[in-house]
Amino acid sequence: MRIYAFKGTRFVTDSANAGKLAAPPFDQIDPTLRDRLYGESPHQFARLTRPVAPDDGDIYLQASSVHSAWLSQGVIASDSEPSLYPYSIELPDKSFRLGLCTLVGVEDPSSGIIRPHEQTLDKPFADRLNLVRATGVDLEPVMFLSDDPGTLEELLRADMRSQAPLVEHLDLRGNTHRLYRVAGADRIAQYREVLGSCSAAIADGHHRYKVGRTHAEQTGAKPGTAAGAKMAVIFSLASENLVIDPIHRGFEKMLDLTPLRSLTASQQTLTASSGEEVARAVAAAPGPALAVALRGGETEIWNLDPARMPTGTPPGSDRLAVIHLHQVLLPAVGFEPANYLDGTVSYRSDPTVLWREVQAGELALGVFLPPMTAELFGQAISKGDLLPAKSTRFLPKLASGMVWSRHDTEVS
């Protein structure tokens, strides 16, 4: 992939105060949270990503006006030279995710250099495209997973040890995000050498990447410019601390489980009183496995049979429960690809919510899926194959407003 150092734009204040002005990604901000963030500061970053125009005016022009005003007032400024921005996330358990915030050249989808990893549901594509057109600013990064052998993290650790963070942000889940800065042609060249021969999977922000690529194509942005690239935070698939959480499934109508049980290796009844218990049990079960909770009935752990997978499935897929669910189990009861996106299936990231809905009778049954290892994830997408929609959840989400990129900024 092609990476570029850029003159990042940031809040002109100390790391702690800059962190208070950062925000969750736009699609995590509902009207209630937006109003709360607005009330915290006239310079809260959500004013750009979730703009509200006075007198029902144009919200995109409002965001552009706010950004221009902040620049002229000295609230924000761009760095003096093109830079890369190491990015760390410290979780409450003291584990770390280490990534690099950079500009990545947009690529033709057929090249396989930057690729989606799963089918996607409709997102507010037009909304984000209008925002980019109005502001000329790349406000929020996407999350990439690089197939480098782990060298990226070695560089990041060395650079983070040698300096204090520019921004330190505590998110709503208790994770601490820290941003650093690396300049100098020699050090930038080392990062470029590590990542230049790598491809990347889009872990989070598929629609944001599509917006960046579409805008570059529509405006004729040249390669090697900020407008011809997309801001991303790149993490390594080789990271020991990469966690890929599941997204569980719910069904309003009861499925005929008889043919499904015959397609599994075995089933065991599970005694559980909460969604967390079910999630822990299925995560601990020998893989591949999933759990099925029935409305007014029992909960079971299903051990899946890798031999049932269709011929030609990607390596590693036979050990991924979500692939079994979509390619073996659900087709056996008449599901077609459209059913996964037409509302027939409900998607729940929180097992507590899914358990409550099943127990209350709002859903007929719930399917609880296990986490996915980075190794199996990498194998399953290595040849360009896509996982089913809503297969993965990469946490923590990246913060917005730590650093961002104007399309007219200098890159190197």
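Annotation: amide H-H contacts under 5 Å for Val142 (H modelled 1.01 Å from N, sequence separation of 5 or more, or interchain): Ala232, Val233.
Using the alpha-carbon positions of the stretch 173-323, Rg (one decimal) and Dmax (whole number) come out as 22.3, 64 Å.
A simple packing score, the average count of other Cβ atoms within 10 Å per residue, orders the peptides 209-215, 332-338 as 209-215, 332-338, with the highest score first. Listed peptides 131-141, 341-351 appear in the order 131-141, 341-351 once ranked by packing, highest mean of other Cβ atoms within 10 Å at the front. Highest mean packing comes first when the peptides 182-193, 355-366 are listed by Cβ atoms within 10 Å, giving 355-366, 182-193. Using 0.36 nm per residue and subtracting the Cα-Cα separation, the extra length available between Asn17 and Leu341 on full extension is 112.5 nm.
A 25 angstrom limit on the alpha carbon distance is what I want to check against. Which of Lys94/Lys390; Lys94/Lys397; Lys20/Lys390 exceed it?
Lys94/Lys390; Lys20/Lys390, as the Cα separations exceed 25 Å there.
Under 18 Å of direct C-alpha separation, and excluding same-chain neighbours fewer than eight residues apart, Lys222 reaches these aspartates and glutamates: Glu107, Asp108, Asp138, Asp408, Glu410. In the full protein context, the stretch 69-198 carries 43 Å² of accessible surface per residue, based on a 1.4 Å probe and ignoring ligands, DNA and RNA. Within the accessible area of the chain, the carbon and sulfur atoms contribute 49%, probe 1.4 Å, all protein chains present. Once the Cα-Cα distance is subtracted from the 0.36 nm per residue extended length, the Ser111 to Glu40 segment shows a gain of 21.2 nm. Using the Cβ-Cβ distance between Val353 and Gln73 with R0 set to 35 Å, the FRET efficiency from 1/(1 + (r/R0)^6) comes to roughly 0.25.
Estimated purely from DSSP H runs of n ≥ 4, each contributing -39500 (n - 2.57), the mean residue ellipticity at 222 nm for the chain is -8000 deg cm²/dmol once divided by its residues. How fast does the chain diffuse by Stokes-Einstein, in µm²/s, taking the Kirkwood radius from C-alpha pairs at 37 °C and 0.692 mPa s? Approximately 145 µm²/s, per Stokes-Einstein. Each residue of the stretch 186-202 is assigned a 3J(HN,Hα), and the resulting list reads 5, 5, 4, 5, 5, 5, 5, 5, 5, 9, x, 8, 9, 9, 9, 9, 7 Hz, derived from the Karplus form 6.51 cos²θ - 1.76 cosθ + 1.60 (θ = phi - 60°), x at Gly and Pro.
The values are calculated or read from the model by the stated rules, or taken from the named source; none is laboratory data. On a predicted model such as this, the values are computed, not experimentally measured, just so you know. Virtual Cβ from ideal backbone geometry, glycine too; neighbours counted across all protein chains shown. These accessible areas exclude ligands, DNA and RNA; they are computed on the full protein's heavy atoms, side chains included. Shrake-Rupley method; radii C 1.70, N 1.55, O 1.52, S 1.80 Å.
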